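Here is the structure we will look at, set down as structure tokens.
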Amino acid sequence: MKVAIPVCGNRVSTVFDAADELLMVETGPGVAPEQSRARWKEDTVIARTAHIRESGVQVLICGALSGSVARMLNAAGVRVIPFIRGTVDEVLEAFCNGTLSGRHFFLPGCTPCEGQGRRRRLRGGCK
């Protein structure tokens, strides 16, 4: 599975548009994760979205992003897990362990509301 995370340094970028680099992680059962980083060459959100799609990314874990960008990525078959914060290592470990739904991973004010009928599905897993 190919997972992409827009990053600033060693942390998930708070805003998709403001990320300096894109971290790509190839992972699977019984396979050591392979990571590669690349500085964004694309300036526009549309070009960045196209780059993610063309790179074969299956899951994007990111901070804040607009609904239109999330819809474009979803339409391209990319599962988007938005409003996430933390270090890259913590977030990847939580994703692979299926524990990314912990409240401490959500950006402030972006925690799913309990009992309101909407629940984000953040079950991860590197299977």
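The values are calculated or read from the model by the stated rules, or taken from the named source; none is laboratory data. Not measured: the values here are computed from a predicted model. Reconstructed Cβ throughout: ideal geometry from the backbone, glycine too, with neighbour counts over all protein chains shown.
Looking only at the stretch 62-77, filter to residues that are touching a helix residue (DSSP H, G or I) at 6+ places or on another chain (Cβ under 6 Å) and not in a helix (DSSP H, G or I); which one of those is modelled with the highest pLDDT? The extreme case among them is Cys62. Across the stretch 41-59, a minimum of one residue is classified as in a strand (DSSP E or B), modelled with pLDDT of 95 or more and either surrounded by fewer than 16 Cβ atoms within 10 Å (Cβ to Cβ) or out of contact with any Cys (no Cβ under 7 Å at 6 or more places or on another chain) (or both). Set side by side, the residues Cys126, Cys96 differ, and just one is more than 22 Å from Val45 (Cα to Cα), touching a strand residue (DSSP E or B) at 6+ places or on another chain (Cβ under 8 Å), outside any helix (DSSP H, G or I) and at pLDDT below 90, which is Cys126.
Arg37 meets each of the listed conditions (1) under 15 Å from Lys2 (Cβ atoms); (2) surrounded by 14 or more Cβ atoms within 10 Å (Cβ to Cβ) apart from (2).
Among the residues making up the stretch 83-106, those that are touching a residue at least 60 places away in the same chain (Cβ under 8 Å) and surrounded by 15 or more Cβ atoms within 10 Å (Cβ to Cβ) are Ile84, Arg85, Gly86, Val88, Val91, Leu92, Phe95, Cys96. Report, by residue number, each residue of the stretch 2-34 that is crowded, with 19+ Cβ neighbours inside 10 Å and in a loop (DSSP other than H, G, I, E, B). Residues satisfying the conditions are Ser13, Ala19.
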